[in-house]
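Each remark here refers to the structure printed beneath this line.
Each reported figure results from applying straightforward, stated rules to the coordinates on display, with no laboratory input. Not measured: the values here are computed from a predicted model. Cβ placement follows ideal geometry from the backbone for every residue including glycine, while neighbour counts extend to all protein chains displayed.
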Amino acid sequence: MAGNAVMEKVIIVGTGCAGLTAAIYSARANLNPLVLEGREPGGQLTSTTLVENFPGFHEGIDGPQLIMNMHRQAEKFGAQFRYAEVHGFESKDSHYTVDVDGEWIETKTLIVASGASAKWLGLENECKLKGHGVTSCATCDGAFYRDVPVCVVGGGDTATEEAIFLTRFASEVFLIHRRDTLRASKIMAERALNHPKITPIWNTVISRYIPDQLGEIQGVELRNITYDQFSKIGVKCVFVAIGHTPNTEPFKGKIKMDANGYIKTHKGTQTNLPGVFAAGDVADPVYRQAVTAAGQGCAAAIEAERYLTDLES
């Protein structure tokens, strides 16, 4: 393990809303953060189209444009960006060393903002249809589908919450689940199944997305896994709610996490390791919004700055 000649003050892992906000704040504090772009530069917002619920954009803004604006803002204040991925992480004396694509770089503080990746169905054309009638966030995209039928895939609390939320907008919500009972908590399951706008479809999976001539979803092909029978329903959007996987693999066994791999934080964004902070979806299985991620990125940068000040005093 070779050390880097330069000791970084702050390394930020991830360039979604949390990582970029942390970069803006730490760069403005003259900490010259090194920001690692990771596998999915820009995070989940780069796969969305119009974002209407981020404050300050009354007509909405494209997700990739919002990320690009934040990226430029961080660069303007002196953040350094590197298209690289973290593969390992170790404590070293009173600081840390991070394996960045095979190069070990030393840093006094680390902000983990590597996000969480939505689990998808893996169907043909799925990537192409994201943002065109296939999404993983009802809160982000539900309002675009007023008075039209939609479907939610999943059977847990997330799926039932999304289905209930979507009843505010959609004319009908089909809840598609591969089993014959929901895995959701009893109260959420009852709420969903008793809602007049929600129609459950049991023992069923989506076998194919059906786009229209413009490349927007107009329906799905279903397969009943009990009888191996196929059918079709018309929907304008598919909300995939089968969970998220936090991008925490390089930090497992070092930073404390919950059973699902989300980083545990306390007193704001602090982890169990002094000088290591976590922000955004990597530590937030509850809200998962751009604006909450940005707020946590701000908090992590301020806490890292205070930690560095205490180190030097």
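Here are a few things to note about the model shown:
- Temperature 20 °C, viscosity 1.002 mPa s: under these conditions the Stokes-Einstein estimate for the stretch 114-154, based on its Kirkwood radius over C-alpha pairs, is 184 µm² per second.
- Sequence-separation-based contact order of the stretch 120-240, relative, with Cα cut under 8 Å and 6+ spacing, percent: 30 percent
- Burial ranking of peptide ranges 177-183, 147-153, 275-281 (average Cβ count within 10 Å, highest at the top): 275-281, 147-153, 177-183
- Between helix 63-76 and the chain: long-axis angle, C-alpha atoms, 0 to 90°, nearest 10: 10 degrees
- Dimensionless Rg over Rh [the chain; C-alpha; Kirkwood]: 1.03
- Comparing mean-square fluctuations of GLY14, GLY154, GLY234 from a GNM of the chain with C-alpha springs under 10 Å, the top value falls on GLY234.
- Within the chain, antiparallel bridges make up roughly 50 percent of the DSSP beta bridges whose residues both belong there.
- GNM result for the chain, Cα springs below 10 Å: residue of LYS264, LYS236, LYS92 fluctuating most strongly: LYS92
- In order along the stretch 79-87, phi translates into HN-Hα couplings of 5, 9, 10, 9, 7, 8, 10, 8, 10 Hz, rounded to whole numbers, per the Karplus curve 6.51 cos²θ - 1.76 cosθ + 1.60 with θ = phi - 60° and x for Gly and Pro.
- Computed E for LYS92/ARG28 - FRET, C-beta separation, R0 35 angstrom, nearest 0.05: 0.80
- Contour excess over end-to-end distance, with Cα ends at PHE165 and GLU126 and 0.36 nm allotted per residue: 11.7 nm
- Charge dipole magnitude, Cβ of K and R +1, D and E -1 - the chain, Cα centre, debye nearest 20: 580 debye
- Taking 7 Å steps out from each Cα toward its Cβ at ALA143 and ASN69 produces label points 1.5 nm apart.
- For the chain, the longest principal axis of the alpha carbon atoms and the long axis of helix 290-312 meet at an angle near 20°.
- Once the C-beta distance of GLU52 and THR226 is scaled by a Förster radius of 51 Å, the resulting FRET efficiency is 0.80 to the nearest 0.05.
- Cα-based convex hull, the stretch 120-240, per residue volume (Å³, whole number): 93 Å³
- Long-range amide H partners of VAL148 with built H, under 5 Å: SER171, GLU172
- Those lysines that a straight Cα-Cα span of less than 29 Å connects to LYS254, excepting residues fewer than 8 apart in one chain: LYS9, LYS92, LYS108, LYS119, LYS264, LYS267
- Rounded tilt (10° steps) of 17-28 against the dominant C-alpha axis of the chain: 20 degrees
- Modelled FRET efficiency - R0 22 Å, ASN203 with THR245, Cβ distances, 0.05 increments: 0.30
- Simple point charges give the picture: +1 on the Cβ of Lys and Arg, -1 on the Cβ of Asp and Glu, and for the stretch 120-240 a dipole about the Cα centre of about 140 debye.
- DSSP bridge orientation in the stretch 120-240 - percent antiparallel, rounded to nearest 5: 45 percent
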